[in-house]
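Here, each number is a calculation from the coordinates, and none is a lab measurement. From a predicted model like this one, the values you see are computed outputs, not experimental measurements. Positions of Cβ are generated from backbone atoms using ideal geometry, with glycine treated the same way; all protein chains shown enter the neighbour counts.
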Amino acid sequence: GARTLGAINGTRLRRRGPPFRSNKYIFNVSANNQTLLKLERVRRCYGSTLAVDQVSFHVAKGEFFSLLGPSGCGKSTTLRLIAGLEESDAGEIWLNGRLIASPERGILVPAEKRNIGLVFQSYAVWPHMTVAQNVVYPLEVRRWDTAKISRRVGEVLDLVGLAGLEQRRPVQLSGGQQQRLALARSLAYEPDLLLLDEPLSNVDAKLREHLRFELKRLQQSVGVTIVYVTHDQTEAMSMSHRLAIMNHGHIEQIDCPEAIYKDPASFFVQNFVGRLITFEGKVKENGATRKIEFSGGSCVPLVEQTTIPDGGKLKIAVRPEDIEILTNGREPGAGEIPGVVVDVSYVGSRYECAVSAANAEFVLETAPNFRLQRGQTVVLRLNEIKLWPA
Ligand code: ADP
């Protein structure tokens, strides 16, 4: 039968299961769902550049919260405002129920009085100190007593897997170990909040993957609240309870990873996270029936009421995994478009097929036992699409 297709502005027609509710995930994080950090309409300009604008979010105690977006979208600035390394121009920042920054009210709690831990991209470890001294120093600064310090140093080095390396210097550690030392050092004094700015970007790809799992496990076992900045969607998606997608200084969407992927609030979000195939098209009305006409001519029925008028242009967005390749030689039916296989490459676990359809060219993966031929005509069944105004 006819496949229901489409919905404007990302409202899906066919939902699988109930709507995503991200607050359900917050309750998983913390039994009492207590807010630790709150930003309200925070703004920061550099001259005429609006680096951060109208940024608002809450982070629950024990939550792993990420700021994800392309380079220059305002992630680091937001983090530095929370840390107190940067002054906001407007809005409020609350930590643990205390207002720590509000230019309107003339409040600015200095960085060192915020009990916030920081780990940046470059290993912020002290090269002239041993591993142990690196961890001891911040505790001495905070006037912890000696017995408590030595107990704590043992604990955190154990936690990050550096026990036994106490007397080494940072140059005698691998990149991953140095980053773990930076983590140990900022976890040692039990900060209310840990801010991590691209902490894995200086380690090689394989180690990065390993450290991702480690960091997630560590966060779960310690229960520390983390705000994590990255431009790497895999990092943000795999570790976070919730994430904020940023674009040009503002937040496009805040949600749990599943909702970000399956229920994106904008084309930007859908296109930034995961792979996406985009077709150009327009709405075509014929009496009572409305269709989406793909550029190139193929049509699929549009059953949803949309605000886009007859002839209105739109973008049709499809995840590759929502496309089925049919090879039985019949004409495309409802919700299907014709395509041609342009190229096939074997990459071991699968084939990668370049396919051309509706004036777009894109790569689809097929199982190793499903070999298509170059030049073969196929029918693509679009199982799930989203429409966005062009
Ligand atoms: P991200 O961390 O997402 O890469 P940033 O927060 O570093 O983005 O930067 C946001 C915007 O603010 C960018 O346009 C950047 O060029 C600008 N910016 C950041 N820091 C400064 C600064 N110290 N002086 C001037 N412009 C800055």
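By definition, a body whose alpha carbon gyration tensor gives a ≥ b ≥ c is prolate when a/c is 1.5 or more and a/b is larger than b/c, and the chain fits this prolate description.
Charging the Cβ of each Asp and Glu at -1 and of each Lys and Arg at +1, and nothing else, the dipole of segment 263-389 about its Cα centre rounds to 100 debye.
For segment 122-179, what class follows from the C-alpha gyration tensor (a ≥ b ≥ c being the square roots of its eigenvalues): rounded when a/c is under 1.5, otherwise prolate if a/b is larger than b/c, else oblate? Prolate, because a/c is 1.5 or more and a/b exceeds b/c.
Taking only the alpha carbons of segment 257-298, we obtain Rg and Dmax values of 14.0, 41 Å in that order. The separation of segment 336-390 from segment 172-209, counted between C-alpha centres, amounts to 40 Å.
Peptides 103-115, 203-215, 124-136 ranked from most to least packed by the mean count of surrounding Cβ atoms within 10 Å: 124-136, 203-215, 103-115.
Kirkwood-type hydrodynamic radius, segment 268-390: 15.2 Å, calculated from all non-identical alpha-carbon pairs. Over the chain, dividing the summed -39,500 (n - 2.57) contributions of all DSSP H runs of at least 4 residues by the number of residues returns a 222 nm mean residue ellipticity of -7000 deg cm²/dmol. Considering only beta bridges that DSSP places wholly inside the chain, some 75 percent are antiparallel. Each of Ala182, Leu108, Trp94 was placed along the dipole of segment 79-219 (beta-carbon charges, centred on the mean Cα), and the one lying farthest toward the positive end is Ala182. Taking every alpha-carbon pair under 8 Å whose residues sit at least 6 apart, the chain reaches a relative contact order of 19 percent. Under the criterion of Cα pairs below 8 Å and six or more residues apart, the relative contact order for segment 211-303 equals 13 percent. For the pair Gln373 and Glu352 in one chain, pulling the backbone fully straight at 0.36 nm per residue adds 6.4 nm over the alpha carbon distance. If the only charges are +1 at each Lys and Arg Cβ and -1 at each Asp and Glu Cβ, what is the size of the charge dipole of the chain around the Cα centre, to the nearest 20 debye? Its charge dipole is roughly 560 debye. Averaging over all projection directions, the Cα-based convex hull of segment 160-226 occupies 4.6 nm² in the image plane.
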